[in-house]
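**Q** I am attaching a structure below and will ask some questions about it afterwards.
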Amino acid sequence: MKILLIADIHSNWPALSAIDESFDQCIFLGDAVDYATEPAACIDWVQQNASYCVRGNHDHSVAQRVSVTLGGTFRQMASSMRPLHFEQLNDKHLTWLAQLPVTQHITIGDHSFLLVHATPRDPMDEYIANGREGERSSDQADAKTQWQARLAHVDVDFVCVGHTHIPVDLQLDGCRVINPGSVGQPRDGDPRASYAVIEDGEVEIRRVEYDIDRTVSHMRSSGVPDSVVRKADLILRSGGNPNPQSVSG
């Protein structure tokens, strides 16, 4: 059984379409929209291919026509893309976003899963340190402590999350936390689209290059303000966040 995990597509169709993987099941962990200019194509792909989905904070805010709860560069980017979103998305798209569950407990084969965009305590917005390989041991320990507390009453094999835009494979006592990273706007210093594959219980974070020029050109031709396009271009090409005051989302 091969499971494809994707999250945080953020309307970046060139990034999503670059993922060339066969799979038996696809799990979408939230945030199909905002930050780029092809939301309809991304939603259509998820609807056609994902067996299980959960709602992200951006999915919720677009469906409800409200601002996201973040600031700085990312809030400006999301706000700048909204008029284009409402031109492209029809009522069926918006209803689908609004009706996505905030969590799901599922079983695939011999393994049980909890799916949530952020954390069980705050399914769409809470941010927890990453605990990824290469971080200081104190950061990894802090992440494990926080996740262990959030999952104290959760009895599953895998907890699959998104939201941070940073891939993580964290082994806890009793379960494994997997964040596949962001398809459409990675923030771990690697600009390639990020996703994960679980095959026969084994987890692998995978990356694929995509045409960033195409994504940026589509923003520009869609009428996104030049200042926003320049910021988006820098974020996409650096694989990260050039504004230290901005937060995850």
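**Q** Amide H to amide H under 5 Å from R206: which residues, 5+ apart in sequence or cross-chain, H placed 1.01 Å off N in plane?
**A** Hits under the 5 Å cutoff: Y195, A196, V197.
**Q** What's the FRET efficiency of R82 with D155 using the Cβ-Cβ distance as r and R₀ = 35 Å, to the nearest 0.05? Please list the in-between numbers first.
**A** On the way: r = 40 Å, r/R0 = 1.13.
Calculated transfer efficiency: 0.30.
**Q** For the chain, what is the relative contact order in percent, using Cα pairs closer than 8 Å and at least 6 residues apart in sequence?
**A** Numbers: 570 pairs, mean separation 58.1, N = 249.
RCO, the chain: 23 percent.
**Q** Output ³J(HN,Hα) for the stretch 216-222: one whole-Hz value per residue in order, computed from phi by the Karplus curve 6.51 cos²θ - 1.76 cosθ + 1.60 with θ = phi - 60°, and x for Gly and Pro.
**A** Each residue's phi maps through the Karplus curve to give 5, 4, 5, 4, 5, 5, 7 Hz.
**Q** So I have [x] 175; [y] 119; [z] 111, and one of them is volume of the Cα convex hull per residue in Å³ calculated from this model. Which one is it?
**A** Correct label, based on the coordinates given: [z].
**Q** Using the Karplus curve 6.51 cos²θ - 1.76 cosθ + 1.60 with θ = phi - 60°, what ³J(HN,Hα) values do you get for each residue of the stretch 74-85, in whole Hz, with x for Gly and Pro?
**A** Result, rounded to whole Hz: 5, 5, 4, 4, 4, 5, 5, 8, 4, x, 5, 4.
**Q** Would you work out the charge dipole size for the stretch 53-127 about its Cα centre, treating the Cβ of every Lys and Arg as +1 and the Cβ of every Asp and Glu as -1, and quote it to the nearest 20 debye?
**A** Numbers: 6 positive and 7 negative charges, 44 e Å.
For this selection, approximately 200 debye.
**Q** Still on this structure: Just to check I understand the Karplus step: with θ = phi - 60° and J = 6.51 cos²θ - 1.76 cosθ + 1.60, what whole-Hz values come out for the stretch 165-180, glycine and proline as x?
**A** Per residue, the Karplus-derived 3J(HN,Hα) values read 6, 10, x, 9, 10, 10, 8, 10, 6, x, 7, 10, 9, 10, 10, x Hz.
**Q** Which value in deg cm²/dmol, rounded to the nearest 500, describes the helix-derived mean residue ellipticity at 222 nm for the chain, given -39,500 (n - 2.57) per DSSP H run of n ≥ 4 and division by the residue count? Don't skip to the end; give the middle numbers.
**A** Working: 8 runs with 87 residues, N = 249.
Mean residue ellipticity at 222 nm (helix-derived): -10500 deg cm²/dmol.
**Q** Can you put Y195, Y52 in order, fewest other beta carbons within 10 Å first?
**A** Values: Y195 26, Y52 17.
Final ranking by Cβ density, sparse to dense: Y52, Y195.
**Q** Ranking R220, R150 by Cβ neighbours within 10 Å, fewest first, what do you get? Before the final figure, lay out each step's value.
**A** Details: R220 16, R150 20.
So the residues, fewest neighbours to most, are R220, R150.
Read-outs: derived from the displayed coordinates by stated rules, not from any lab. Computed from a predicted structure; not experimentally measured. Note that we place each Cβ from the backbone using ideal geometry, even for glycine, and neighbour counts take in every protein chain shown.
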